[in-house]
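I have placed the structure first, in the form of structure tokens, so that the comments after it can refer back to it.
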Amino acid sequence: MLKNAARGRAGLLAMALFVAIAACERKSDGGGRSTGDIVVGLYASLTGDGASFGQSSREGAELAAAEINAAGGLLGGRRITLLVEDDQSKPEEASSAVTKLVTQDLAAAIIGEVASRRTLAAAPVAQRYQVPLITPASTNERVTAVGDYIFRVCFIDPFQGEVLAKFAFNDLKARKVAVLKDIQQDYSVGLADSIVKQFTALGGTVTEPVSYSSGDADFRAVLTKIRAERPDAVFATGYYSEAAIIVRQARELGMTMPILGGDGWVGDPLKNGREALKNTYISNHYSGDNPDPIVQNFVKAYREKFGREPDSIAALAYDAVKVLADAIGRAKTTDGKALRDALAATDVAGVTGHLKMNARRDVDKPAVIQEVTYVNGDVKFVYKTTISPS
Amino acid sequence: MDTVLQQVINGLSLGAIYALIALGYTMVYGVLRLINFAHGDVYMLGAFAGYFLATALDLDRHPSVLGTIVVTMGAMAVCAGVGIVIERFAYRPVRHHSRLASLITAIGVSLLLEYGGQVVFGASPRFFPQMIRSETYTIAGAQVTNQSLLVIAVAVVVMFGLEFVVHRTRIGKAMRATSYNLNVAKLMGINTDRVIAFTFALGSALAAVGGVMVALAIPRIDPLMGLMTGLKAFVAAVLGGIGNIPGAMIGGMLIGLMETGISATAYSTYRDAVAFAVLIVILLVRPSGILGTPVTEKV
């Protein structure tokens with residue numbers, strides 16, 4: 001017993017020592033950090049299920065950093081260096097990527113992740129080391145509740161769920177809907193819950209929820225169950241890879257009703273849904289066909305740099321970096337605490353709308369509804385309507 | 001009523017997938033008493049071989065039945081080669097060691113293929129080209145696609161083909177002799193190394209057929225796709241009686257129906273757990289499986 005207790009204490013001591021050393025390491029470089037490049041860490045899913053998100057967020061962030069550097073940098077000529085870590089779409093890799101960016105690369109701030117589950121896994125690390133983290137597109141409500149160093153530049157799921165529920169009820173005249181959620185994703189579960197709540201509040205009925213797990217490829221059994229209920233519309237709240245297969249298998253089963261999703265549908269692999277994408281709708285952060293000059297300038301610059309149309313994830317990552325640059329400019333330092341306070345006071349115009357942090361470090365922004373179409377082997381998102389937070 | 005029928009069809013088309021893979025498992029076990037855990041990963045390699053071939057032939061834009069046959073044959077050839085290499089360099093060196101050694105080697109090969117696959121193919125899922133134009137038929141209110149029908153048909157054909165090879169051909173006789181007693185077979189002039197290599201080549205080619213057929217019906221492929229599917233096919237093989245060819249077919253279909261049945265209830269997320277619960281129950285109640293005959297262990 002005694003031996004064990006002693007060993008436990010030794011272990012604790014070693015751990016404390018380790019943490020102390022790690023903390024010193026982070027501080028000791030402080031002098032150098034005030035003059036050289038400003039390191040901004042981006043962790044993203046460059047491979048794995050969420051690879052489309054990772055690619056888009058990296059490109060959006062790169063474009064913003066390049067523009068800031070071309071315009072003379074920050075704090076009297078310091079350039080932004082964007083360091084990118086791949087988390088392979090895995091939550092555990094996300095948290096170790098952020099640990100590396102914070103402790104080894106001494107990033108002044110972190111941009112990422114898109115998927116809520118991976119942000120929830122990594123945000124506590126940023127919070128512990130007091131390095132501000134801005135997520136471009138994690139819409140799950142709990143994300144910014146992790147701590148006061150965590151920010152986001154997108155709307156939250158309770159609002160997204162409200163937008164989708166209203167659109168289905170008012171515009172599509174749906175009265176009975178089914179909800180299909182990905183039980184492994186915080187984003188999907190949160191969005192599904194919010195849709196159920198909002199749609200019921202509007203006076204509609206929701207059939208018994210059905211779920212699947214990320215990576216599943218055969219949804220015929222759950223879809224058949226939904227079909228038997230004869231809903232007017234189906235919500236599929238997961239991400240693009242599964243959504244592509246879900247719409248296809250639903251149509252194969254003769255289900256012709258509208259299928260709706262959230263911003264998680266935005267990703268290149270969605271195009272594998274092919275003709276089945278007809279009669280599907282999503283809620284989104286921005287629409288590339290918005291005539292606003294700030295949007296059009298961004299679309300033009302992105303197209304020139306990467307040779308493709310920016311999606312909403314790219315636009316949000318671009319905004320996240322711009323918000324960070326704005327905050328560094330106002331804080332006049334890259335010190336974590338000062339940067340946090342400057343971020344909390346953000347009030348700038350972004351590509352995805354006006355960005356002003358509320359008390360929960362979220363942005364209150366309108367959402368757009370887009371119709372998804374499949375033209376010549378590619379997915380197009382066609383603007384339908386804008387819905388503002390009430 | 002049409003919902004029940006639809007779920008039965010869903011279950012059968014899912015079950016056919018497990019059956020196709022279980023056939024390969026069961027054959028290798030039948031001859032070698034080796035549980036080839038890498039079988040599911042050879043199935044993944046088959047799907048990827050098919051993916052690259054189909055992309056090279058641009059079948060997505062020009063679907064054709066002939067192209068599909070070419071792709072399937074190509075994937076079979078690739079996997080047969082892989083099977084021979086695996087047997088030669090991973091299993092043969094430990095063949096005369098304990099049963100446990102080859103089991104662990106098989107798990108090692110499986111992990112090598114999975115994570116090697118992530119390095120070579122990338123971790124991102126890919127979508128298989130649509131080699132055959134999708135058609136949906138309606139039977140008594142239930143929908144079924146031509147691709148699902150094809151998977152079921154191929155599974156049945158493969159089962160009968162395998163039965164024929166094992167029970168009606170010279171090489172099949174040699175396989176059965178090797179399975180009965182390797183050393184005596186060798187004394188009788190059978191080149192057992194060649195018979196075993198052939199068994200692996202055949203088993204792996206079957207896995208390739210499975211990979212391509214599945215990718216046709218469910219177009220998403222990734223380097224870890226063989227993991228869960230392979231395990232469930234293994235459960236199917238044990239359920240039907242491992243080593244028994246029609247047993248693998250029945251086991252696969254039962255697992256498919258069971259999974260679909262679970263998905264159709266409110267407990268859809270327990271789907272995977274049920275397959276393994278079945279494995280535990282069958283091992284407790286009837287370890288030899290549905291069609292298997294109890295054997296006494298050779299001492």
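The values are calculated or read from the model by the stated rules, or taken from the named source; none is laboratory data. What you see is a predicted model, and the numbers here were worked out from it, not measured in a lab. Positions of Cβ are backbone-derived with ideal geometry, glycine not excepted, and every protein chain shown enters the neighbour counts. For the accessible areas, the whole protein counts, side chains as well, though only heavy atoms, and no ligand, DNA or RNA atoms are used. Shrake-Rupley method; radii C 1.70, N 1.55, O 1.52, S 1.80 Å.
Of all residues in region A:223-234, those satisfying the criterion of being of a type in the set (A, V, I, L, M, F, W, C) and open to solvent by less than 10 Å² (accessible area, probe 1.4 Å) are A:223, A:226, A:233, A:234. Residues in region A:250-266 that are within 29 Å of the chain's Cα centre (by Cα) and either of a type in the set (D, E, K, R) or under 21 Å from residue A:50 (Cα atoms) (or both): A:251, A:260, A:261, A:262, A:263, A:264, A:265, A:266.
Please go through region A:199-234 and pick out each residue that is touching a residue at least 24 places away in the same chain (Cβ under 8 Å) and of a type in the set (Ser, Thr, Tyr). Within region A:199-234, A:205, A:207, A:211, A:212, A:213, A:214, A:224 meet the criteria. Screening region A:259-275 for residues that are open to solvent by less than 20 Å² (accessible area, probe 1.4 Å) and in contact with an Asp or Glu (Cβ under 8 Å, 6 or more places away or on another chain) and picking the one that is nearest to the other protein chains (Cβ to nearest Cβ) gives A:267.
Here residue B:193 clears all of (1) within 14 Å of chain A (Cβ to nearest Cβ); (2) over 30 Å from residue A:248 (Cα atoms); (3) of a type in the set (Asp, Glu) except the condition numbered (1).
Restricting to region A:203-217, and then to whatever is out of contact with any Leu (no Cβ under 6 Å at 6 or more places or on another chain), open to solvent by less than 30 Å² (accessible area, probe 1.4 Å) and not small (Gly, Ala, Ser), can you tell me which residue is farthest from the other protein chains (Cβ to nearest Cβ)? The residue in question is A:207. Set side by side, the residues B:74, B:67, B:117 differ, and just one is crowded, with 18+ Cβ neighbours inside 10 Å, in contact with a helix residue (DSSP H, G or I) (Cβ under 8 Å, 6 or more places away or on another chain) and within 14 Å of chain A (Cβ to nearest Cβ), which is B:117.
Identify all residues within region B:18-29 that are in contact with a Gly (Cβ under 7 Å, 6 or more places away or on another chain) and open to solvent by less than 20 Å² (accessible area, probe 1.4 Å); write none if there are none.
Matches in region B:18-29: B:18, B:19, B:20, B:21, B:22, B:24, B:26, B:27, B:28.
If we scan region B:141-160, do we find a residue that is free of Cβ contacts under 8 Å to residues at least 40 places away in the same chain, over 21 Å from residue B:64 (Cα atoms), more than 11 Å from chain A (Cβ to nearest Cβ) and open to solvent by less than 60 Å² (accessible area, probe 1.4 Å)? Looking for residues that are free of Cβ contacts under 8 Å to residues at least 40 places away in the same chain, over 21 Å from residue B:64 (Cα atoms), more than 11 Å from chain A (Cβ to nearest Cβ) and open to solvent by less than 60 Å² (accessible area, probe 1.4 Å), one finds none in region B:141-160, hence no.
Just one of the numbered conditions (1) buried (at least 21 other Cβ atoms within 10 Å of the Cβ); (2) within 14 Å of another protein chain (Cβ to nearest Cβ) is not true of residue A:90: (1). Against the numbered list (1) without any contact (Cβ under 8 Å) to a residue 12 or more places away in the chain; (2) facing chain A (nearest Cβ under 10 Å), residue B:270 comes up short only at (2).
Put simply, of B:32, B:12, B:53, B:45 the only residue that is open to solvent by 10 Å² or more (accessible area, probe 1.4 Å) and under 30 Å from residue A:224 (Cβ atoms) is B:12.
Kindly check whether there is at least one residue in region A:183-200 that is within 14 Å of chain B (Cβ to nearest Cβ), surrounded by fewer than 24 Cβ atoms within 10 Å (Cβ to Cβ) and farther than 29 Å from residue A:318 by Cα. The answer is yes, given that some residue of region A:183-200 is within 14 Å of chain B (Cβ to nearest Cβ), surrounded by fewer than 24 Cβ atoms within 10 Å (Cβ to Cβ) and farther than 29 Å from residue A:318 by Cα.
Of the residues contained in region A:235-256, none is found to be closer than 25 Å to residue A:187 by Cβ, away from chain B (no Cβ under 14 Å) and open to solvent by 10 Å² or more (accessible area, probe 1.4 Å).
You will find that of B:188, B:225, B:213, B:258, the residue that is open to solvent by 40 Å² or more (accessible area, probe 1.4 Å) and within 14 Å of chain A (Cβ to nearest Cβ) is B:258 and no other. Considering only residues that are open to solvent by less than 60 Å² (accessible area, probe 1.4 Å) and farther than 19 Å from residue A:55 by Cβ, which ones fall in region A:283-293? Within region A:283-293, A:283, A:287 meet the criteria.
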